[in-house]
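Visitor: Sending over a structure as structure tokens; questions will come in a sec.
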Amino acid sequence: MPGGAGRAPVRIATLRQALWHAHVNAVNAPAAMRAWLTATGSLTARLSAHSSAFRVQRLHQRTAKCLFDEARAVGLQRPGRVWEREVLLRCDGAPVVFAHTVVPMSATAADWPLFSALGERSLGSTLFYDPQVSRGELEFARIRAGHPLMQRARAALGAADNTIFYARRCLYRRHRGTLLVTEVFLPPVLELASRTTYNTK
């Protein structure tokens, strides 16, 4: 039927988008996960305080097409080319966060002077201690099986189970540039709370 042919692409596009919410309660995350999703301050500092060895493993940093559900967030009318960076954050060897960052191609080196040379250094350590960076509000989502970030996180982990992943994202601005960071929290992050108490001092 003609109508049936048109529904498949729509369904595929829907599966590739996450529903982002302004309040964490909308994603029904377990209490322990909700604490990680809503934590303020530097995630790098928090993870470092919960482990004896923290590491940023860079997966890639390159130009790419942004995801369906992040185009508007970075000021694009439709998915277009961006600078993309993906890393795994590891605590004592275990991957605990899959982080995905996009920067519109319109951004200049003056907007984000350290982005191209980060290597395996933490992006968060530059964002939170730069007085010229302004931080937007956190948004929260459940990442479904058809979403590209779920597929990429699974590939990085070498796993293919049906575990639900919870994520948050935040838009940063510096000069005229925008930068969107999405952090997908992996199940092992819940084991960190029992190892040490986070010191906020």
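The values are calculated or read from the model by the stated rules, or taken from the named source; none is laboratory data. Nothing here was measured: the structure is a model prediction, and the numbers come from that model. Cβ sites come from the backbone with ideal geometry, for glycine too, and all protein chains shown count toward neighbours.
Visitor: With the requirement that a residue be outside any loop (DSSP other than H, G, I, E, B) and either in contact with a helix residue (DSSP H, G or I) (Cβ under 7 Å, 6 or more places away or on another chain) or of a type in the set (Ser, Thr, Tyr) (or both), what does region 63-81 give you?
Guide: Quick first cut of region 63-81, residues outside any loop (DSSP other than H, G, I, E, B) only: 63-65, 68-70, 72-74, 81.
If the condition is that a residue be outside any loop (DSSP other than H, G, I, E, B) and either in contact with a helix residue (DSSP H, G or I) (Cβ under 7 Å, 6 or more places away or on another chain) or of a type in the set (Ser, Thr, Tyr) (or both), then 63, 68 are the ones that fit.
Visitor: Tally time: how many residues in region 19-61 are closer than 24 Å to residue 103 by Cβ, surrounded by fewer than 11 Cβ atoms within 10 Å (Cβ to Cβ) and modelled with pLDDT under 95?
Guide: Count: 2.
Visitor: Considering only residues of region 84-94 that are within 14 Å of the chain's Cα centre (by Cα) and surrounded by fewer than 21 Cβ atoms within 10 Å (Cβ to Cβ), which is nearest to residue 186 (Cα to Cα)? Break it down stepwise before answering.
Guide: Filtering region 84-94 for residues within 14 Å of the chain's Cα centre (by Cα) gives 84-89.
This time we only want the ones that are surrounded by fewer than 21 Cβ atoms within 10 Å (Cβ to Cβ), so: 84, 88.
Numbers: 84: 20, 88: 10 Å.
Of everything passing the filter in region 84-94, 88 is nearest to residue 186 (Cα to Cα).
Visitor: Every residue in region 127-164 that is among the hydrophobic types (A, V, I, L, M, F, W, C) and within 22 Å of residue 61 (Cβ to Cβ), please.
Guide: Kept after step one, since they are among the hydrophobic types (A, V, I, L, M, F, W, C), are these residues of region 127-164: 127-128, 133, 138, 140-141, 143, 145, 149-150, 153, 155-157, 159-160, 164.
Within region 127-164, 127, 128, 133, 143, 149, 150, 153, 155, 156, 157 qualify.
Visitor: Given the conditions (1) under 17 Å from the mean Cα position of the chain (by Cα); (2) over 17 Å from residue 43 (Cβ atoms); (3) among the polar types (S, T, N, Q), report the number of the one that residue 126 does not fulfil.
Guide: It is condition (2) that residue 126 fails.
Visitor: Does region 128-144 hold any residues that are of a type outside the set (Phe, Trp, Tyr) and in contact (Cβ under 8 Å) with a residue 60 or more places away in the chain, and which are they?
Guide: Here is the first cut: in region 128-144, the residues of a type outside the set (Phe, Trp, Tyr) are 130-139, 141-144.
Within region 128-144, 137, 138, 139, 141, 142, 143, 144 meet the criteria.
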